[in-house]
Amino acid sequence: MKYDYLVVGAGLYGAVFAREAKDAGKKVLVIDRRPHIAGNVYTEEVEGINVHKYGAHIFHTNNEKVWQYVNRFARFNRFTNSPVANYKGELYSLPFNMYTFNKMWGVVTPEEAAAKIEEQRKAAGITEPSNLEEQAISLVGSDIYEKLIKGYTEKQWGRPCRELPRFIIKRLPVRLTFDNNYFNALYQGIPEGGYTQMVSNMLEGVEVRTGVDYLENKAELDAVSDRVVYTGAIDAYFGYKLGVLEYRSVRFETEILDKPNFQGNAAVNYTDAATPWTRIIEHKWFEFGTQPKTVISREYSSEWKAGDDPYYPVNDEKNTKLYEEYKKLSAGEEKIIFGGRLGEYKYYDMDAVIASALKRCGEEFVKIS
Ligand code: UDP
């Protein structure tokens, strides 16, 4: 065998695994079917601006070990995610906080805001929320649900809020303070110089081949490595033999504009149902750019179909069940380690992917350097 590990996919899971394997003295080959490394965190410089080609990625974590780990490969700036919601031209602060409540209802104190939410929750008659709609109304009331959640969520997921799991909306904090920081995380920032540079630093000294499709060349690639770390879609690995897991995909329309400032913020969410895009990202604001031009991306969400890039696993009941079946099958593939958002069919944030890769590496090899 030429390699100890073949890592399929040069995204975060793959890059962390490869780094750790290399540092443990293993022979590693990383392949990716795309022409570049870094998976969906890939950034590309356009007009001096690092463009998040597969959507906005804002690194945030409470995990000390993960934070220290990523800081080995990049310096992180002080970017704080504070998206703005645009509902038919009305602008609201996100996540839901006192600025949002004040704009929505004119309330001034936290007590007034809490009373308003409670009144709307009571009127909706929800005691035990069982889906995203009920969860949202019980967290922030029906006005905010109607203006800032329903349209956005149904565009993003292509499913009625009543059919979506509650946990999706629980990703968003609700606060009775004037705090526009989207995340509750202790650490947050964007790697200076872009994510591609960070991943490239992780992969330093590791053999990487891009433009190589594992599933199309499986027998040949399996023959050169003892073990395979597979970070692609788990159902694709098994030729979809138990059925197709659903994903949401995203399409971007990116434009270079001959002006320094388009929307004054990195992310503006369009929360009404009629606007076809979910959000517009103005990339320069991730790094406080001073360039004379600006690059914006309109984000359109769609159901994944063969040939698209899968982005978000749809972790509803039906898909979760199907994934469990694939997971059972995967136990029979002794040579293969399945990891990452697609390999584990999990709505992982970046820090959770890194934590998961590091955990697996801890089980896999003892570090020698
Ligand atoms: N969401 C919403 N309105 C917004 C932003 C988010 O209703 O303006 C909901 C939506 O259901 C979304 C979920 O919150 O799927 C999680 O949003 P998050 O920003 O965490 O999604 P991601 O950044 O992963 O796309």
What list of ³J(HN,Hα) values in whole Hz, one per residue of the stretch 180-186 in order, does the Karplus curve 6.51 cos²θ - 1.76 cosθ + 1.60 (θ = phi - 60°) give from phi, with Gly and Pro shown as x? 8, 6, 4, 9, 8, 5, 5
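Lys and Arg at +1, Asp and Glu at -1: add these up for the other residues within a Cβ distance under 9 Å of residue 261 and post the number. Display every interim value, and only then the final one.
Numbers: positive: 259, 284; negative: 282.
It works out to a net charge of +1.
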Measure out, as a whole number of angstrom, how far apart the alpha-carbon centroids of the stretch 269-313 and the stretch 317-365 sit. 27 Å
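Take every Cα pair under 8 Å in the stretch 1-121 that's 6+ residues apart, average their separations, divide by the length, and report that relative contact order as a whole percent. Please list the in-between numbers first.
Values: 110 pairs, mean separation 15.5, N = 121.
Averaging sequence separation for qualifying contacts and normalising by length gives 13 percent for the stretch 1-121.
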Between 0 and 90 degrees, rounded to the nearest ten: what's the tilt of helix 317-331 against the longest Cα principal axis of the chain? 20 degrees
Angle between the chain longest axis and helix 12-23 axis [Cα atoms, degrees, rounded to 10]: 40 degrees
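Using only Cα atoms, what is the ratio of the radius of gyration of the chain to 2.2 N^0.38 Å?
On the way: Rg = 21.6 Å, N = 369, 2.2 N^0.38 = 20.8 Å.
So the Cα radius of gyration is 1.04 times the expected 2.2 N^0.38 Å.
Would you mind getting me the FRET efficiency between residue 130 and residue 2? Use the beta-carbon distance for r and R0 = 30 Å, nearest 0.05.
Working from the Cβ atoms, E equals 0.05.
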Looking only at aspartates and glutamates whose Cα falls under 18 Å of residue 170's and that sit 8 or more positions away or on another chain, we get 118, 128, 133, 134, 143, 146, 154, 179, 316, 317, 349, 351
Report the residue, chosen from 205, 141, 340, that carries the largest GNM mean-square fluctuation when the chain is represented by alpha-carbon nodes joined by springs under 10 Å. 205
In sequence order, what are the phi-derived ³J(HN,Hα) couplings for the stretch 283-288 according to the Karplus relation 6.51 cos²θ - 1.76 cosθ + 1.60 with θ = phi - 60°, rounded to whole Hz, with x for glycine and proline? 4, 4, 6, 5, 10, 6
Just tell me which lysines come within less than 19 Å, Cα to Cα, of residue 103; anything on the same chain fewer than 8 places away is out. 88, 116, 147, 150
What is the set of long-range amide H partners of residue 59 at a cut-off below 5 Å, with H atoms built 1.01 Å from backbone N? 189
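Taking Cα pairs under 8 Å and at least six residues apart, what relative contact order does the chain come out at, in percent?
On the way: 736 pairs, mean separation 99.7, N = 369.
Relative contact order comes out at 27 percent.
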Report, to two decimal places, the Cα Rg of the stretch 119-197 normalised by 2.2 N^0.38 Å (N = number of residues). 1.33
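Residues with beta-carbon under 14 Å from that of residue 130, excluding residue 130: net charge, scoring Lys, Arg +1 and Asp, Glu -1? Walk me through the intermediate numbers first.
Values: positive: 162, 166, 170; negative: 128, 133, 134, 163, 316, 317.
It works out to a net charge of -3.
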From phi via Karplus (6.51, -1.76, 1.60), per-residue ³J(HN,Hα) for the stretch 113-126 in Hz, x at Gly/Pro: 5, 4, 5, 5, 5, 4, 4, 6, 5, 4, 4, 7, x, 9
Report the residue, chosen from 320, 153, 127, that carries the largest GNM mean-square fluctuation when the chain is represented by alpha-carbon nodes joined by springs under 10 Å. 127
Calculate how steeply helix 350-364 sits against the longest principal axis of the alpha-carbon atoms of the chain, using the helix alpha-carbon long axis, and give the answer as 0 to 90 degrees to the nearest 10. 30 degrees
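Tell me the relative contact order for the stretch 81-131 as a rounded percent, counting alpha carbon contacts under 8 Å between residues six or more apart. Don't jump to the answer; show the numbers that get you there.
Numbers: 31 pairs, mean separation 9.2, N = 51.
It rounds to 18 percent for the stretch 81-131.
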GNM on the chain, C-alpha springs below 10 Å: top fluctuator among 174, 140, 51? 174
Roughly what % of DSSP beta bridges within the chain run antiparallel, to the nearest 5? 60 percent
Order 221-229, 176-184 from most to least packed using the mean count of other Cβ atoms within 10 Å. 221-229, 176-184
Go through the stretch 249-317 and name the trypsin sites (Lys or Arg not before Pro) that are in a DSSP coil and have 16 or fewer other Cβ atoms within 10 Å of their Cβ. 293, 305
Give the residue from 105, 129, 329 lying farthest towards the positive end of the charge dipole for the chain; charges sit on Cβ (+1 for Lys and Arg, -1 for Asp and Glu) and the dipole is referred to the Cα centre. 329
Using alpha carbons only, how many angstrom separate the centre of the stretch 109-147 from the centre of the stretch 21-74? 38 Å
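Every number in this text was worked out from the coordinates using simple rules, so none of it is lab data. Bear in mind the structure is a predicted one, so any value in this text is a computation, not a measurement. Note that we place each Cβ from the backbone using ideal geometry, even for glycine, and neighbour counts take in every protein chain shown.
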